[in-house]
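Structure first, commentary second.
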Amino acid sequence: MPDLHAAARQKRDLRAIYYDGGFWALMVGIGESYLAPFALAAGVGQVAAGLTSTFPMLIGATLQLAAPTALRLIHSHRRWVVLSAGLQASAFLPLIAGALAGGIPLWGLYAAVAVYFGMGMATGPAWTTWVSRIVPVELRTRFFSLRQRLTQVALLIGFIAGGTALEIASQCGVHLAAFAGLFAIAALSRGVSAGLLASQSDVPIPLAAQRRVGWGELARRLRGGSDARLLLYMFAAQGASQFSGPFFTPYMLKQLELPYWQYAVLMASLYLAKVLVLTPLGRMAQRFGTITLLRIAGFGMIPAGALWTLSDSVEYLVVLQLFSGVTWAAYELATFLLFFESIRDEERTSVLTSYNLLHALAIAGGSLLGGLMLATLGKDKAAYHTVFVMSSLLRVATVFLLLRVRRPGAK
């Protein structure tokens with residue numbers, strides 16, 4: 001009987017983890033994905049709008065450094081994750097108010113987005129440590145590849161719904177107010193996600209057994225530690241990608257002057273590709289290993305930025321987005337699985353908290369440098385193309401770090 005109860009509880013937990021990913025992704029698709037378009041609609045400049053999803057992330061990453069201390073005070077990974085998810089949902093409230101009021105000051109926009117990213121990153125390390133105790137090792141690759149597919153479907157639905165709503169609202173002259181509806185749905189989705197998180201088992205994880213890895217030790221591991229090498233490559237890859245990444249939205253909406261529905265089609269193509277390839281990518285990871293999958297993704301990401309300069313045709317850009325979706329799906333699945341393989345269970349919360357800060361530094365640093373180049377060159381079409389090509393060149397420089405990533409125990 002106890003075994004039957006344990007099996008039933010595990011089934012409920014896995015279902016809750018699965019659907020939590022879907023509602024979280026819906027929030028991202030209909031809310032986070034439209035932060036930069038909202039900034040543009042509110043009258044923020046092209047560079048500042050591009051930085052909406054990057055610079056505030058650095059502030060948020062600083063806020064999430066308090067997560068390990070908070071965990072020790074709360075004595076529960078589940079309570080901390082649920083609290084952080086609820087606070088992340090509340091970050092949409094000032095954005096809703098700004099959309100209804102017809103505008104929002106840049107500092108208010110950045111502050112709300114900083115809380116959004118800070119609380120989102122605060123959930124990550126604790127959630128990963130907590131879930132690693134719930135999902136059996138033998139089920140992880142298949143379960144998380146299926147969960148990743150659900151998140152991409154939800155992202156796709158959220159993005160298409162958001163783009164359709166904005167296109168209709170823009171034709172009626174009320175597109176700024178329409179953002180309030182999008183952000184309200186995003187907040188509600190995260191609220192449902194928080195409820196699903198609260199329904200999962202609060203697996204006891206002795207905090208005394210949780211080991212803190214300092215920056216000095218992390219730096220020493222770069223010589224041979226699989227976890228530090230992985231984090232270093234991800235830091236470099238994100239920095240190179242974010243040199244151009246935040247500026248594709250202002251490029252599409254301002255330089256190419258695409259209507260919202262075409263912008264939504266292009267972004268949806270990225271998510272659609274991820275949905276279609278996640279299952280075969282999961283099989284590839286099982287057969288050939290996550291390191292092989294990561295290397296395929298790393299090499300595939302290199303030309304993506306420069307390819308944007310070859311044509312303005314929407315049909316061409318759709319194909320390019322499909323290609324990018326495949327490479328990013330491989331990267332995200334490989335790095336997610338490597339977090340479990342490369343980072344020790346008792347160190348996972350500490351190491352991933354440090355990673356969040358490094359990740360935010362890479363994103364903010366890359367985007368600020370890209371934004372500086374864009375502003376210096378004049379923010380015209382040629383300036384955007386220069387930034388896109390430079391991003392690809394920077395990605396080439398990450399190959400050496402990519403080849404140094406190894407599975408735990410490998411030399």
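Quick look at the values:
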item	result
Residue match in segment 151-159 (condition: surrounded by fewer than 22 Cβ atoms within 10 Å (Cβ to Cβ), at pLDDT 90 or above and out of contact with any Pro (no Cβ under 9 Å at 6 or more places or on another chain))	yes
Candidates Gly298, Gly282 - the one that is in a helix (DSSP H, G or I), at pLDDT 90 or above and either under 23 Å from Thr151 (Cβ atoms) or more than 21 Å from the chain's Cα centre (by Cα) (or both)	Gly298
So Ala122, is it within 19 Å of Ala25 (Cβ to Cβ) and either assigned to a helix (DSSP H, G or I) or out of contact with any strand residue (DSSP E or B) (no Cβ under 6 Å at 6 or more places or on another chain) (or both)	yes
Restricting segment 33-48 to residues that are surrounded by 22 or more Cβ atoms within 10 Å (Cβ to Cβ) and over 14 Å from Gly98 (Cβ atoms), the residue that is modelled with the lowest pLDDT	Gln46
Among residues of segment 49-86, those that are at pLDDT 85 or above and either of a type in the set (S, T, N, Q) or farther than 30 Å from Ser244 by Cα (or both), counted	8
Tabulated pairs, segment 101-124, first more than 13 Å from Leu35 (Cβ to Cβ), second outside any helix (DSSP H, G or I), C-beta under 8 angstrom, 6+ apart or interchain	Gly103/Ala42; Gly103/Gly43; Met119/Ala91
Checking Pro280 against (1) under 21 Å from Thr52 (Cα atoms); (2) out of contact with any helix residue (DSSP H, G or I) (no Cβ under 9 Å at 6 or more places or on another chain); (3) of a type outside the set (A, V, I, L, M), the condition it does not meet	(1)
Output for segment 23-48, where each listed residue is assigned to a helix (DSSP H, G or I) and more than 16 Å from Gly162 (Cβ to Cβ)	Gln46, Val47, Ala48
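The values are calculated or read from the model by the stated rules, or taken from the named source; none is laboratory data. Worth saying up front: this structure is predicted, and the values here are computed from it rather than measured. Reconstructed Cβ throughout: ideal geometry from the backbone, glycine too, with neighbour counts over all protein chains shown.
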